[in-house]
Amino acid sequence: MVRIVTVVRVTFLVIFLCTSLVISWTSVIALIALLGSLFGLKDNIQNRKDTAFDSKKNLLKGKPKTELEDVSPEVLQKIQKDVYDLVTYDAENTDSVLDFEVIKQNTECVFAKRAKVWGSPSWRDELTLEENVYRSVPTFLKFVNLCPVLGLDGFVYRLPGGKFGTDVQTFGQAVRRTLTVLSNHDPRGQHCMDQTYIGQKGWVFEFNGVTCFITTFAPFYPENSSRYGFESNDCYIFLQPEVSFAQHDLGPDSPHTNWIDPKTMRDRIRVAYANSGREYLIRDTVYYPMSHDVVKPIGRDDEIVKWWIKDDDKNWSRT
């Protein structure tokens, strides 16, 4: 812009010098144009300087009077999406889901192969078990809210077998700790892991009003166990919403099994496990503590694993 102004001024000066030798209307007009370029353009530049100076003023000075309810729905929705994207993740394609596939495809459960499963995020060794599980809480809440709508069948947690899969007692404590983190952050405040009757009939794991059946797998279970991990080196905690059983039309539980001519889906599952050499205990009643089947003993007839009782003799702060 400065170059243009200079060119204009020089042009008018040259015209004035060329016409000023003889006084004429042309020389007068040239003089007026020259003076205009000297003073008129100078004022415009000064105005621009003043404007530039004004733009540097603190336009944000003074606290706004807007309240939260005055913020537009569009702005709030954008903020909520940003927060949602920050704390959740793609739960269908995590390491836990991909690694659980070997169990999912080989287990005798008749609808497992087509099951829709979400899972915990990749394990971070620098974090404790509690910190790792805590990272999944927002996505687990998303899961329990969407499972009836999307037909989701389960949420799987993968724990490193080298740390938590050495024996059934160590694994049982890891299961307790995992479920306790979820229980502590239950939006409805039921905190099912704080109940005093976990080892009795009537207890069920519940999160945000959704009850879940829990199945676990670990590398120490032998091939003849229904919790056999099919050579996987890690441990898995599988939480299946009970609504999933209804959607698969599993039918009510029963102590009776038609082994010769299975009629129901439950019959077919039991027969399939038995035929594979992994028959599991079927009680003579349907009224028994659900917690007794969360972490099964290594042998079918071994003593119940009381995983819900905290082992105070071990220090878990660094694992």
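Could you please find all residues in segment 191-203 being surrounded by 15 or more Cβ atoms within 10 Å (Cβ to Cβ) and either among the hydroxyl-bearing types (Ser, Thr, Tyr) or within 15 Å of Glu242 (Cβ to Cβ) (or both)?
Of everything in segment 191-203, those that are surrounded by 15 or more Cβ atoms within 10 Å (Cβ to Cβ) and either among the hydroxyl-bearing types (Ser, Thr, Tyr) or within 15 Å of Glu242 (Cβ to Cβ) (or both) turn out to be Cys192, Trp203.
For segment 249-297, which residues satisfy the criterion of being β-branched (Val, Ile, Thr) and open to solvent by less than 40 Å² (accessible area, probe 1.4 Å)? Write out each step before concluding.
Initial filter on segment 249-297 (β-branched (Val, Ile, Thr)): 257, 260, 264, 269, 271, 282, 285-286, 294-295.
Thr257, Ile269, Val271, Val294, Val295 - these are the residues of segment 249-297 that are β-branched (Val, Ile, Thr) and open to solvent by less than 40 Å² (accessible area, probe 1.4 Å).
Within the bounds of segment 277-284, is there any residue that is more than 23 Å from Lys104 (Cα to Cα) and touching a residue at least 12 places away in the same chain (Cβ under 8 Å)?
The answer is yes; a qualifying residue exists.
Quick check, is Glu101 part of a helix (DSSP H, G or I), on the phi < 0 side of the Ramachandran plot, open to solvent by 40 Å² or more (accessible area, probe 1.4 Å) and without any contact (Cβ under 8 Å) to a residue 24 or more places away in the chain? Write out each step before concluding.
Working: part of a helix (DSSP H, G or I): yes; on the phi < 0 side of the Ramachandran plot: yes; open to solvent by 40 Å² or more (accessible area, probe 1.4 Å): yes; without any contact (Cβ under 8 Å) to a residue 24 or more places away in the chain: yes.
Yes, satisfied.
Could you tell me which of the residues Arg300, Arg270 is at pLDDT below 95, assigned to a loop (DSSP other than H, G, I, E, B) and more than 12 Å from Gly172 (Cβ to Cβ)? Break it down stepwise before answering.
Values: Arg270 fails: assigned to a loop (DSSP other than H, G, I, E, B).
After ruling out the rest, the residue left standing is Arg300.
State all residues of segment 129-164 that are in contact with a helix residue (DSSP H, G or I) (Cβ under 9 Å, 6 or more places away or on another chain), touching a residue at least 60 places away in the same chain (Cβ under 8 Å) and not in a helix (DSSP H, G or I); if no residue qualifies, say none.
Passing the criteria: Gly151, Leu152, Asp153, Gly154, Phe155, Val156, Tyr157, Arg158, Leu159.
Given the criterion at pLDDT 75 or above and either charged (D, E, K, R) or surrounded by 12 or more Cβ atoms within 10 Å (Cβ to Cβ) (or both), identify the matching residue among Val14, Val87.
Values: Val14 fails: at pLDDT 75 or above.
Val87 is the lone residue from the list that is at pLDDT 75 or above and either charged (D, E, K, R) or surrounded by 12 or more Cβ atoms within 10 Å (Cβ to Cβ) (or both).
List, please: which pairs have Cβ atoms under 6 Å, are six or more places apart or on different chains, and start with a residue in segment 198-218 that is within 21 Å of Val137 (Cβ to Cβ) and end with one that is among the polar types (S, T, N, Q) and open to solvent by less than 10 Å² (accessible area, probe 1.4 Å)?
Listed pairs, sorted by first residue: Ile198/Ser291.
If only one of Glu131, Glu108 is more than 16 Å from Phe213 (Cα to Cα), open to solvent by less than 60 Å² (accessible area, probe 1.4 Å) and out of contact with any Gly (no Cβ under 8 Å at 6 or more places or on another chain), which one is it?
Working: Glu131 fails: open to solvent by less than 60 Å² (accessible area, probe 1.4 Å).
Step by step, each of Glu131, Glu108 is checked, and only Glu108 is more than 16 Å from Phe213 (Cα to Cα), open to solvent by less than 60 Å² (accessible area, probe 1.4 Å) and out of contact with any Gly (no Cβ under 8 Å at 6 or more places or on another chain).
Val243 fails exactly one of the following numbered conditions: (1) surrounded by 18 or more Cβ atoms within 10 Å (Cβ to Cβ); (2) under 24 Å from the mean Cα position of the chain (by Cα). What is the number of that condition?
(1)
The values are calculated or read from the model by the stated rules, or taken from the named source; none is laboratory data. This one's a predicted model, so the numbers in the text were calculated from it and none came from an experiment. Note that we place each Cβ from the backbone using ideal geometry, even for glycine, and neighbour counts take in every protein chain shown. Calculation scope for accessible area: heavy atoms of the full protein, side chains included, ligands and nucleic acids excluded. Shrake-Rupley method; radii C 1.70, N 1.55, O 1.52, S 1.80 Å.
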